[in-house]
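Before any comments, here is the structure.
Computed from the coordinates by the stated procedures, all read-outs in this text should not be read as laboratory data. Note that the coordinates shown come from a computational prediction; the quantities given were computed from them, not determined experimentally. Reconstructed Cβ throughout: ideal geometry from the backbone, glycine too, with neighbour counts over all protein chains shown.
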Amino acid sequence: MVAYFPLSPTQKSAAVPASTRAGWADRLDACVLVGLGVSSLSAAAAAVAGVGARLAQVTLAQCRAAADAALATASAADARAAAIAALT
């Protein structure tokens, strides 16, 4: 089972046509992808509640800040730490 997360009107107005589907082991990924402009996200049924709750807690500006912070790093570990710092 796959669930799709609709973006808010503000998020939609800034989004570029793109979509992704992943296992969503980490809800942080969803925030960064929205910040990068991904306009459609889907997740396995087991991840729906967590991903949806996380996206409901952040603004588009926060997602963009997390994406920008992640892009400014040189490694995956640094990107993760930067994104986390931007969202807290």
Self-check item: Net charge over other residues, Cβ less than 13 angstrom from the Cβ of Ala69 (K, R count +1; D, E count -1)
Solution: 0
Quiz item: Once fully extended, how much extra length lies between Ser75 and Thr88, figured as 0.36 nm per residue of separation less the alpha-carbon to alpha-carbon distance?
Solution: 2.7 nm
Quiz item: Which ³J(HN,Hα) values, rounded to whole Hz and listed in residue order, are derived for the range 62-72 from phi using the Karplus coefficients 6.51, -1.76 and 1.60 in 6.51 cos²θ - 1.76 cosθ + 1.60 with θ = phi - 60°, glycine and proline given as x?
Solution: 5, 5, 5, 4, 5, 5, 4, 4, 5, 5, 7
